[in-house]
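Any read-out appearing in this document is the output of simple, stated calculations on the displayed coordinates, not a laboratory observation. Since we're looking at a predicted model, the values are computed, not measured. When we count neighbours, we look across all protein chains shown, and the Cβ atoms used for this are built from the backbone with ideal geometry, even at glycine.
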Amino acid sequence: MKKELEEKLVKKYPTVFGEYGGDMRETCMAWGLTCGDGWYKIIDELCQVLEPAGVVAAQVKEKFGGLRFYVNPVKKEKADEVFEAIQKAEAASYITCENCGEPGERRSGGWIRVLCDKCEEAEVARLK
């Protein structure tokens with residue numbers, strides 16, 4: 001994700017991204033959000049649930065074409081709400097273009113990604 005979008009999320013959700021930019025020996029958030037800009041809205045909506053619950057992100061990334069949002073331990077009374085929101089966000093990523101945020105589908109070509117038709121065409125042209 002572009003640095004400016006990451007920083008916007010970090011500023012808006014200081015608890016969730018409390019480990020952002022931390023020491024790589026202590027947190028995977030040292031690498032920031034390792035996914036495309038198209039998932040910004042999904043992550044923003046997820047963080048609206050996580051911030052009031054006091055959740056801290058441990059790692060945010062793309063893996064096998066989907067969003068992975070890992071968190072540090074969660075209070076027992078908030079666990080169901082938190083993990084339901086994470087599951088919903090991860091499911092939404094499988095139908096949302098990782099590049100632009102438009103509706104997309106899983107594509108493979110060595111690396112599994114969710115892309116819309118337009119971004120898929122641009123990627124194919126770029127690789128030629």
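Looking at the range 61-128, which chymotrypsin sites (Phe, Trp or Tyr not before Pro) are in a loop (DSSP not H, G, I, E or B) and have at most 16 other Cβ atoms within 10 Å?
Passing both the DSSP loop test and the Cβ count: Phe64, Tyr94, Trp111.
Fewest to most neighbouring Cβ within 10 Å: what's the order for Arg113, Arg106?
Arg106, Arg113
Given +1 on the Cβ of Lys and Arg, -1 on the Cβ of Asp and Glu, and no further charges, what dipole in debye does the chain carry about its Cα centre, rounded to the nearest 20? Please list the in-between numbers first.
On the way: 20 positive and 23 negative charges, 52 e Å.
That gives the chain a dipole magnitude of about 240 debye.
Can you say what percent of the DSSP beta bridges in the chain, counting only those with both residues inside, are antiparallel? Round to 5.
Looking only at bridges with both residues in the chain, the antiparallel portion is about 85 percent.
Considering amide H positions built from the backbone, and no H for Pro or chain starts, which residues 5 or more places from Glu105, or on another chain, come under 5 Å of its amide H?
Leu115, Cys116
Among 86-92, 40-46, what's the highest-first ranking by average C-beta atoms within 10 angstrom per residue? Could the numbers behind the result be given before it?
Numbers: 86-92: 15.9, 40-46: 18.1.
Most protected by this proxy first, the peptides run 40-46, 86-92.
Provide the gained length on full extension for the span Gln48 to Ile112, in nm with one decimal, where the gain is 0.36 nm per separating residue minus the Cα-Cα distance. Display every interim value, and only then the final one.
Values: separation 64, 0.36 × 64 = 23.04 nm, distance 2.81 nm.
Result for the pair: 20.2 nm of gain on full extension.
Given the peptides 19-32, 49-62, arrange them by the average over their residues of other C-beta atoms within 10 Å, most packed first.
So the order, starting with the most tightly packed, is 49-62, 19-32.
Report, in cubic angstrom per residue, the convex hull volume of the C-alpha atoms of the chain. Spell out each step's value before the answer.
Numbers: hull volume 13.4 nm³, N = 128.
Looking at the chain, the number lands at 105 Å³ per residue.
Quick check: the angle from helix 40-50's long axis to the longest principal axis of the chain, C-alpha only, nearest 10 degrees?
20 degrees
To the nearest 10 degrees, how steep is helix 3-12 against the longest Cα principal axis of the chain, on a 0 to 90 scale?
Between helix and principal axis, roughly 30 degrees.
Expressed as a fraction of 2.2 N^0.38 Å, the rule-of-thumb size for a compact globular protein of N residues, what is the C-alpha radius of gyration of the range 1-75?
Cα-based Rg divided by the globular estimate yields 0.99.
To the nearest 10 degrees, how steeply does helix 79-93 sit against the main Cα axis of the chain, on a 0 to 90 scale?
10 degrees
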